[in-house]
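Okay, structure first, notes after.
The values are calculated or read from the model by the stated rules, or taken from the named source; none is laboratory data. Computed from a predicted model, the values in this text were never measured in an experiment. No Cβ is skipped: glycine too gets one built from the backbone with ideal geometry, and neighbour counts run over all protein chains shown.
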Amino acid sequence: MKNYNIPRSMEWIGGIDGHLRLLDQTLLPIETTYIDCKEIGSVHEAIRSLRVRGAPAIGITAALGILVGLKKIPPGTTLNSHYETIDNYLRTSRPTAVNLFWALDRMKRKFLEVKNHDDHHGILSILLKEALSIEKEDREMCQNIGRIGSTLVQEGFGILTHCNTGGLATAAYGTALSVIFTAFEQRKSIHVYCDETRPLLQGARLTSWELLQAGIPSTLICDSMAAQVMKEGKINMVVVGADRIAANGDTANKIGTYGLSVLAHAHNIPFYVAAPSSTFDLTLKDGSEIPIEQRSHIEITAPFGKQVAPDGVTVYNPAFDVAPARLITGIITEKALITPVNEKNILDSI
Ligand code: MRU
């Protein structure tokens, strides 16, 4: 699969003494600027501020963040207790994308497995290898999601997507966008409608940019235009990503996704979620248990540094919502298309 000149969201520079380089996605598409994270605070800040964002990318960054955190062990602290501290700290960066916790759990399992069997240098080498495996596996999962999901795309399809689920949100290629990239590479003539995705405009700033880089015909719309575009018959399928999928298939994704699932249902349009198995949280019975991140009112009152609402106005800013399983036609994973979406089919497929 082609890379379409999408810069890497994260990259480990050097060996165990190296550091984490992140693309600052808050500056895209105007500026391509990288941040070199050499201490754990800058990794936490980058995740918290959405300099790196998208569920799989957050997970990979957290895994590599552990290596950044282990660079300096404060005097008088054991490796064990310092590991606990940085692991707990990274877990507070963002609450909704389960990939963050999935990746940190995997790193911790590896740490517990090797901590008594190796010297400090050996432990770091094994942990770096584990984090880089998470990144490599994500790239492979994304390719497979594209392969499986592209079978759902027919010639001439209009496809609506929301937020950013491309190479920027993952190790490479993306999830929902991988479906679109793959269908395009198969020479299917498609047209993508891309929601701008208020309030932080991941659709306008990131997805429309990735689609342009790939040369895929696309049209940017305001979120509030989705119903009209569906009514005009321009949309044949909706495909979105996910931040956490509960055991019954209820799916948390960027705010606005729930509304799209309702609209798709009302217009008889299939609604697909594309996500790797690291995005499932089978410990949660349904979507009501998914923690939803609440973000600053400033993202709505003064987005991108420009005040657009009066001082003192009350604001509600949940970053995610939950599309119910009954409105999801299918979930595309790296292994299978899960349809109909229910607990049994999910358990059988992941
Ligand atoms: O707040 P963000 O930009 O991290 O939200 C991202 C999304 O909601 C994506 O749709 C989701 O993480 C899937 S990314 C492959």
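With respect to the conditions (1) closer than 27 Å to N144 by Cβ; (2) in the same structural domain as E130 (by TED's automatic domain parsing), N88 falls short on a single one, namely (1).
Restricting the stretch 84-98 to residues that are within 16 Å of the ligand (Cβ to nearest atom) and β-branched (V, I, T) leaves a set whose member that is nearest to I60 (Cα to Cα) is V98. Buried (at least 18 other Cβ atoms within 10 Å of the Cβ), of a type outside the set (A, V, I, L, M) and touching a Lys or Arg at 6+ places or on another chain (Cβ under 9 Å): does that describe G249? So G249 fits the description; yes.
Tell me, yes or no, whether the stretch 94-102 has at least one residue that is touching a Pro at 6+ places or on another chain (Cβ under 6 Å) and part of a helix (DSSP H, G or I). Within the stretch 94-102 (the criterion being touching a Pro at 6+ places or on another chain (Cβ under 6 Å) and part of a helix (DSSP H, G or I)), the answer is yes, since at least one residue qualifies. T182 - would you say it is out of contact with any Pro (no Cβ under 9 Å at 6 or more places or on another chain), in a helix (DSSP H, G or I) and either in contact (Cβ under 8 Å) with a residue 24 or more places away in the chain or not assigned by TED's automatic domain parsing to the domain that holds Y258 (or both)? Against the criterion (out of contact with any Pro (no Cβ under 9 Å at 6 or more places or on another chain), in a helix (DSSP H, G or I) and either in contact (Cβ under 8 Å) with a residue 24 or more places away in the chain or not assigned by TED's automatic domain parsing to the domain that holds Y258 (or both)), T182 qualifies.
Among the candidates G149, G156, the residue that is at positive phi and not assigned by TED's automatic domain parsing to the domain that holds G41 is uniquely G156. Only residues that are touching a residue at least 40 places away in the same chain (Cβ under 8 Å), under 30 Å from S133 (Cβ atoms) and away from the ligand (no atom under 16 Å from the Cβ) were counted in the stretch 250-285, giving 2.
Restricting to the stretch 262-298, and then to whatever is more than 15 Å from the chain's Cα centre (by Cα) and under 17 Å from V179 (Cβ atoms), can you tell me which residue is surrounded by the fewest Cβ atoms within 10 Å (Cβ to Cβ)?
P270
Which pairs have Cβ atoms under 7 Å, sit 6 or more apart or on different chains, and link a residue in the stretch 339-350 that is free of Cβ contacts under 8 Å to residues at least 40 places away in the same chain to one that is surrounded by 13 or more Cβ atoms within 10 Å (Cβ to Cβ) and in a helix (DSSP H, G or I)? From the stretch 339-350, no pairs qualify.
Looking only at the stretch 110-162, residues that are hydroxyl-bearing (S, T, Y), more than 21 Å from the chain's Cα centre (by Cα) and under 30 Å from N253 (Cβ atoms) come to 1 in all.
Reported count of residues in the stretch 102-138, each being without any contact (Cβ under 8 Å) to a residue 40 or more places away in the chain and within 16 Å of the ligand (Cβ to nearest atom), is 1. Of the residues T32, T26, T61, which is touching a residue at least 24 places away in the same chain (Cβ under 8 Å), in a helix (DSSP H, G or I) and over 27 Å from D281 (Cα atoms)? After ruling out the rest, the residue left standing is T26.
Taking each residue of the stretch 188-201 that is of a type in the set (S, T, N, Q) and looking for partners that are in a loop (DSSP other than H, G, I, E, B) with beta-carbon atoms closer than 7 Å, six or more apart or interchain, yields S189/E155; S189/G156; T197/H162; T197/C163; T197/G256. The sole residue among K306, K344 that is out of contact with any Gly (no Cβ under 9 Å at 6 or more places or on another chain) and farther than 30 Å from T26 by Cβ is K344.
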